[in-house]
């Protein structure tokens, strides 16, 4: 069975950082990095939390972004991620239908040899 929650020390060890850095980034990236806390206030990180921390780590430590710059990149990514793949496919089908209708309007007697 796969482990569901990880401690701050396990996350810190995975990224070779101090737990204090993780706590600092939680404040800096408030609303973006938010682990679950139990009734005693002990942080419990999910795989999703760890992936989010890893993304921040990559931006700041590996790519050299400032904290403000990394926050901006993450916020822009989350706006584009708000559109689901199903919505994208539906929009592409609508666009294709529009373009086919437009082509018919411009060239009403054009041969339809292509089926793509």
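Using a Förster radius of 30 Å, what is the FRET efficiency between residue 94 and residue 73 based on their Cβ-Cβ separation? Nearest 0.05, please.
Once rounded, the FRET efficiency stands at 0.50.
What nm distance separates the two modelled labels at residue 21 and residue 37, each placed 7 Å from Cα along Cα→Cβ?
2.3 nm
Please state the relative contact order of segment 8-82 as a whole percent: Cα pairs under 8 Å, 6+ residues apart?
Here the relative contact order equals 21 percent.
Mean 1/r over all different Cα pairs, inverted: what Kirkwood radius does segment 8-82 give, in Å?
So the Kirkwood estimate lands at 12.8 Å.
No value in this document is a laboratory result; all are computed from the given coordinates. Since the structure is predicted, the reported quantities are computational estimates derived from the model, not experimental observations. Cβ coordinates were reconstructed from backbone atoms using ideal geometry, including for glycine residues, and neighbour counts include every protein chain displayed.
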